[in-house]
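Structure first, then comments.
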Amino acid sequence: MTATGYSDVINHALAFAAKHHDRQVRKGTKLPYLTHPANVAIILTRYGRSDDAVVAGILHDVIEDCVRDGYTREMLEQRIGDKFGPRVLDTVLAVTYRRQDDDGVELSGEERKTDYLERLLSANEDARWVCAADKIHNASSIISDLRRTVDPETVWARFSGGKAGTARWYRRVYERLAEVGFSAPIMKELDEVSSELAQRAG
């Protein structure tokens, strides 16, 4: 980040994400989806991460969520690689759920999560930072909604894993990052929010 604020490449990434996430909203809310990658970028900036890491944080859901309106997955990968470079693309791909394995076999929802966790072993350092920041914002958002609502079940009902499965997922990510040797300062924050979410799930 420059002394005067976000760099040109970060502004470019925000514009790119805004275009592709246009009309998408956060699950169970009316919030524009862009609020999520923007918050991931803020978390990464708070920890002093590089422009490449922050850009990958902004773009981390584009390939997964924006295959529509004439854009294939391959086209989105090509555009990100061309505009932001191979390192950013590698980072985004490392934190993108895959619908198929290396042999082209369709993965179930649970298998996609397992595949995501397994690939954290070979993911680059930026990808692990983006993964942690993504999960911190998602878990923090759930906690904020739980604090505000009079009926917590309406919040948990947004997620296919339900209360126990959703809370467990965030702990699994934290545990897996620790397992692969990721010990960056952001892990303390991920530990705290995933622990609070688990407590709220009972």
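Say we join alpha carbon atoms closer than 10 Å with springs in a Gaussian network model of the chain; which of T149, T35, T91 then has the biggest fluctuation?
Answer for the Gaussian network model of the chain: T149.
In a Gaussian network model over the chain where Cα atoms closer than 10 Å are linked, find which of V55, V67, V173 has the largest mean-square fluctuation.
Between V55, V67, V173, it is V67 that shows the largest mean-square fluctuation.
Give me the dipole magnitude in Debye, nearest 20, for segment 24-83 about the Cα centre, with unit charges on the beta carbon: positive for Lys and Arg, negative for Asp and Glu.
With only Lys, Arg, Asp and Glu charged at Cβ, the dipole is about 340 debye.
Can you work out the Karplus-derived ³J(HN,Hα) for every residue in segment 47-64? Use 6.51 cos²θ - 1.76 cosθ + 1.60 with θ = phi - 60°, whole Hz, and x for glycine or proline.
8, x, 6, 5, 4, 4, 5, 5, 4, 4, x, 5, 9, 4, 9, 4, 5, 6
Using alpha carbons only, how many angstrom separate the centre of segment 52-66 from the centre of segment 69-120?
Segment 52-66 and segment 69-120 have Cα centres separated by 11 Å.
Please report, to two decimal places, log10 I(q)/I(0) for segment 103-202 at q = 0.14 Å⁻¹ as given by the Debye formula with identical point scatterers on the Cα atoms and no solvent.
Log-scaled intensity ratios, in q order: -0.55.
Once you place label points 7 Å from the Cα toward the Cβ at I42 and R148, how far apart are they in nm?
1.3 nm
Calculate the dipole size of segment 139-202 relative to its Cα centre from +1 charges on Lys and Arg beta carbons and -1 charges on Asp and Glu beta carbons; express the result in debye to the nearest 20.
Using only the charged Cβ atoms, the result is roughly 140 debye.
Which ³J(HN,Hα) values, rounded to whole Hz and listed in residue order, are derived for segment 179-193 from phi using the Karplus coefficients 6.51, -1.76 and 1.60 in 6.51 cos²θ - 1.76 cosθ + 1.60 with θ = phi - 60°, glycine and proline given as x?
4, 8, x, 7, 10, 5, x, 5, 5, 4, 5, 5, 4, 5, 6
Only one of the listed values, (1) 12.3; (2) 11.6; (3) 21.2, was derived from the coordinates as mean projected area of the Cα convex hull in nm²; which label is it?
Working out mean projected area of the Cα convex hull in nm² from the coordinates points to (2).
Let a ≥ b ≥ c be the square roots of the eigenvalues of the Cα gyration tensor of segment 53-162; is it rounded (a/c under 1.5), or, if not, prolate (a/b larger than b/c) or oblate? Display every interim value, and only then the final one.
Details: a/c = 1.80, a/b = 1.55, b/c = 1.16.
Prolate.
Measure off 7 Å from each Cα along the Cα-to-Cβ vector at D8 and K83, then give the distance between these two points in nanometres to one decimal.
1.6 nm
With a/c under 1.5 counting as rounded, go ahead and sort segment 147-197 into rounded, prolate or oblate using the C-alpha gyration tensor (a ≥ b ≥ c being the square roots of the eigenvalues; past the cut-off, prolate if a/b is larger than b/c, else oblate).
Verdict is oblate for segment 147-197.
Identify which of S108, S140, S50 has the largest mean-square fluctuation in a Gaussian network model of the chain, with springs joining Cα atoms closer than 10 Å.
Most flexible of the set in this elastic network: S108.
Show the residues, 5+ positions off or on another chain, whose built amide H is closer than 5 Å to the amide H of V25.
Correct list: Y33.
Roughly how many debye, to the nearest 20, is the charge dipole of the chain about its Cα centre, given +1 on each Lys and Arg Cβ, -1 on each Asp and Glu Cβ, and no other charges?
Here the chain has a charge dipole of around 760 debye.
Just to check I understand the Karplus step: with θ = phi - 60° and J = 6.51 cos²θ - 1.76 cosθ + 1.60, what whole-Hz values come out for segment 161-168, glycine and proline as x?
Result, ordered by residue: x, x, 4, 5, x, 5, 4, 5 Hz.
Hey, what angle do you get for helix 125-148 against the long axis of the chain, alpha-carbon based, 0 to 90 degrees rounded to 10?
Approximately 40 degrees, to the nearest 10.
No lab work stands behind these numbers, since they all come straight from the coordinates. The shown structure was predicted, so the numbers you read here are calculated from the model rather than taken from an experiment. Cβ sites come from the backbone with ideal geometry, for glycine too, and all protein chains shown count toward neighbours.
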